[in-house]
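Just so it is clear, none of the values below were taken in a lab; they were calculated from the coordinates. If you're wondering where the values come from, they're calculated on a predicted model, not measured in any experiment. All Cβ positions, glycine included, derive from the backbone under ideal geometry; neighbour counts span all protein chains shown.
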């Protein structure tokens, strides 16, 4: 299913999230199972499936990484569920350093400071990679698409780090 | 001709006929039924003039008593009087038995499920709840002067799949058509939101007799979007009572209590709790076999007893805000739901945490039933021009058991429902034709720390080399928050068969047997009911397909159209008779003939749904 088509939005990485939200609600107003509660069993079942599709499509377009993956999949390049984990040594080095920084937080005298520092680094890297991702996807050539796939793989590391950092932040607050 | 025949007046219900629908709040302590009449949602009163019916069921040798009369007998006949049965819904015997000291009746193990030994034999929580539901539905039918077309039943947002399924089974057993299971906080928000037309982010703090929910919703132009939900499906006012019972035992020095004494302690505890909402200091009398025990308690004594419980709810509030990605300042209103929010400490703790005075303008005991009634009226089709939309979420993550007793999450908590997620599995042995899947619900990483929902056995997998078969298993959660699972082998397209073994639930066969053997239905009634169900469904199919033909016949070839018309004519003819199986077969035949038509229409409507927008380049 082409999620961009579903929402009548251009198939590109840059997306108007407000517009996406508005169109999402418009679709749910028509296809949500509550609108078909008086229908036959088959109609009800179809409404559930349709509403689930719409939810899934919305969920996938809302998040930049999933949106990029969907865009690549539409262009014939599937990277979800892949087991591949090869990365450049320089990137892995950088990841290790960030992990070490995170590991220090729980024992640090001033954890807030370390959290801020890690957060800043992660955000900076993420931003830069997202910019690269955008231009690679905009170029729309097979070669650039493979570059984009690599950037997505890298970004996944940073999103994971960010999640762990948020968890650490909660723990220090509690 | 065929079309004329089925469109004939008198054969189908008039389109604008008002259908009878009700909202039911099946509570731990009290239950209520409400309906919309002349545009206003109101609770309904039984012949004794009460709208709040205690959720108490007493079994005598030849009768079943529900409500006030049963509650009055709780001390007299504790073994046969079931109180707070909601706490037992969808639970295992081993899970419940852990705190059995506070349950004054005899629990038994019914193949893993918890059940109660009564004078009428073993009754499971589904059967007990069905008695309460049937009583409420009776009140509604009598007041409204007709049979109910459908009901909306509310459940705690934090109820897991087994607890929801048990509630739905109870409704089935009571002979009710469930339009929707609606989350209690969402129902409350609906009652408030429509009442005041307010917009913005609201928190609904719902502390009932046995369950606690906290939900964060965004209200915007008729859309009620649940951003996150959390809570505890085993924490409520009952626990305040139990804390007081422990305190009373310290006062009287009575350490071991008989079932009857425990009931009496609980009655007194509840009176103390309720009275302390209005007064700072209380003299109380506890009737004992050895005479009366007279004592004194202050509100601050009580507050100290329940402080840990209230703190637990505030911790859940914190978590749910985190899940929603919001700060307390972003919450514009806090709505209080449930009788236990009358306790002053609860109110002050909530007001302090959210830094705002909570809303209580709709009776916290009735607001859920009122919300359910509003939604029932919409779902049954009485309000065709409505533009409210409820977008709810799944309260607990769904996952699968993987190697080493770990859980892999398939659908994370707070995902908007309905939702479908697929997962691929492969065989690890040559010629493997079966596979077992264990589905769990919860947030923890270890299987043992999550709740087991069901085990699925996939069979009929085509025999291939190891890793050759790719089975795509789809987990679908519907708008009631209920899970269903389908599986397909990808390369061959063969549907693998699924056998479901619910961990804490009844199988479809068990429910059917219960319905048949139930005292609620004589055998004759049962057959009539099955016939009627099929006739109603046949009517729905006829209406839906006829409307589809009228609108979109252009999507069919002449031959296809003829086939559809023939199927409809046959269905209309069979429907008039009393052959349940034949009607069922005709429905299935019609569905089969129109499957492709329905798919084409769905495609078309999806494509045209956003037609108002400029179609951007793709």
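What is the antiparallel percent of DSSP beta bridges lying wholly in the protein assembly as shown, to the nearest 5?
Details: 88 of 108 bridges.
Rounded to the nearest five, the antiparallel share is 80 percent.
Show me B:179-192, B:337-350, B:556-569, B:529-542 ranked by packing, highest mean number of other Cβ atoms within 10 Å first. Could the numbers behind the result be given before it?
Values: B:179-192: 28.1, B:337-350: 21.9, B:556-569: 15.7, B:529-542: 17.8.
Final packing ranking: B:179-192, B:337-350, B:529-542, B:556-569.
Mean separation of Cα pairs under 8 Å and 6+ residues apart, divided by the residue count of chain B: what relative contact order is that in percent?
On the way: 1178 pairs, mean separation 82.0, N = 618.
So the answer I get is 13 percent.
Based on C-alpha pairs under 8 angstrom that are at least 6 apart in sequence, chain A has a relative contact order of 21 percent. Secondary-structure-derived ellipticity at 222 nm for chain A, considering helices only, amounts to -25500 deg cm²/dmol, per-run term -39500 (n - 2.57) for DSSP H runs with n ≥ 4. Taking all Cα pairs closer than 8 Å and separated by 6 or more residues, the relative contact order of segment B:521-610 comes to 36 percent. For the options A:143, A:164, A:41, a Gaussian network treatment of chain A with springs between C-alpha atoms closer than 10 Å singles out A:41 as fluctuating the most. Evaluated on segment B:395-505, the Kirkwood hydrodynamic radius is 14.4 Å, with distances taken between all distinct Cα atoms.
Could you give the angle, 0 to 90 degrees to the nearest 10, between helix B:508-517's Cα long axis and the longest principal axis of the Cα atoms of chain B? In chain B, helix B:508-517 runs at an angle near 70 degrees to the longest axis. With everything on Cα atoms, drop me the angle between helix B:184-196 and the longest principal axis of chain B, reported from 0 to 90° to the nearest 10. Compared with the principal axis, the helix lies near 90 degrees.
What is the mean number of Cβ atoms from other protein chains located within 10 Å of the Cβ atom of each residue in peptide A:45-57, rounded to a whole number? Write out the running numbers ahead of the final one.
Numbers: counts 5, 5, 4, 10, 6, 4, 8, 11, 4, 4, 7, 7, 0.
Across A:45-57, the average partner-chain Cβ count within 10 Å equals 6.
When DSSP assigns beta bridges and you keep just the ones with both residues in chain B, what percent turn out antiparallel, to the nearest 5? Numbers along the way, then the final one.
On the way: 88 of 108 bridges.
Expressed as a percentage, antiparallel bridges in chain B total about 80.
Computed on the Cα atoms alone, the convex hull of segment A:25-153 gives a volume of 186 cubic angstrom per residue. Working note: Cα gyration tensor of segment A:89-173, eigenvalues times five, square-rooted, sorted largest first, giving semi-axes of 30, 12, 9 Å. Calculated mean residue ellipticity, 222 nm, chain B: -12500 deg cm²/dmol, from DSSP H runs (n ≥ 4) at -39500 (n - 2.57) each, averaged per residue and rounded to 500.
The mean number of Cβ atoms from other chains found within 10 Å of a Cβ in peptide B:536-546 is 3, as a whole number.
For the protein assembly as shown, rounded, prolate or oblate, judged on the Cα gyration tensor with a ≥ b ≥ c (square roots of eigenvalues), a/c < 1.5 rounded, else prolate if a/b > b/c? The shape class here is oblate.
Kirkwood radius for segment B:521-610, taken over all pairs of different Cα atoms as the inverse mean of 1/r, rounds to 14.1 Å. Mean per-residue shielding of peptide A:21-34 is 5, counting Cβ atoms of other chains within 10 Å of each Cβ.
With a simple spin-label model that places each label point 7 Å from the Cα along the Cα-to-Cβ direction, the separation between residue B:221 and residue A:131 comes to 3.5 nm. Reported to the nearest whole Å, the Cα centre-to-centre distance from segment B:437-461 to segment A:98-137 is 35.
By the Kirkwood approach, averaging reciprocal distances over each pair of separate Cα atoms, segment A:91-135 gets a hydrodynamic radius of 11.4 Å. This ranking places A:172, B:35 by how few other beta-carbon atoms lie within 10 Å of each, fewest first, which gives A:172, B:35. Most simply put, segment B:121-273 has about 75% antiparallel DSSP beta bridges, counting only bridges with both residues inside it.
For helix A:17-31, what angle does its Cα long axis make with the longest principal axis of chain A, in degrees from 0 to 90 and rounded to 10? Tilt relative to chain A: about 40 degrees. In terms of other Cβ atoms within 10 Å, B:144, B:440 run from fewest to most in the order B:144, B:440.
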